1. Tell me, yes or no, whether region 47-61 has at least one residue that is of a type in the set (Gly, Ala, Ser), under 17 Å from the mean Cα position of the chain (by Cα), surrounded by 10 or more Cβ atoms within 10 Å (Cβ to Cβ) and modelled with pLDDT of 70 or more.
2. Condition (residue is in a loop (DSSP other than H, G, I, E, B), under 17 Å from the mean Cα position of the chain (by Cα) and at pLDDT below 90) applied to region 30-40: is it met by at least one residue?
Amino acid sequence: MPGLLNFFFQFKKKKKKKKKKKKKKNQFLTQESKLDVELNTVRDEQGSKIPDFVSKMDDLFYEMVFFFLIGFFLNNTIKIFFL
């Protein structure tokens, strides 16, 4: 019997696994700003970088919004011109 089952199962179609597309991560901060935060953030008495990082967050937030809007408008204007 096992030989007969193997005979029938060899003709069974194998399902192909679909490859998941990796989403491209949007990089809204430049390498310079990342390195600036990492290297130039001042430590306090306890060795924490959090207070200085929080003071720099406004600049980082506006930079991220700026690059997001640039990417958004460039992608949508290209779509409009080629429709």
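1. The answer is no; no qualifying residue exists.
2. There is at least one residue in region 30-40 that is in a loop (DSSP other than H, G, I, E, B), under 17 Å from the mean Cα position of the chain (by Cα) and at pLDDT below 90.
The values are calculated or read from the model by the stated rules, or taken from the named source; none is laboratory data. Remember, it's a predicted structure, so these values are computed and weren't measured experimentally. No Cβ is skipped: glycine too gets one built from the backbone with ideal geometry, and neighbour counts run over all protein chains shown.
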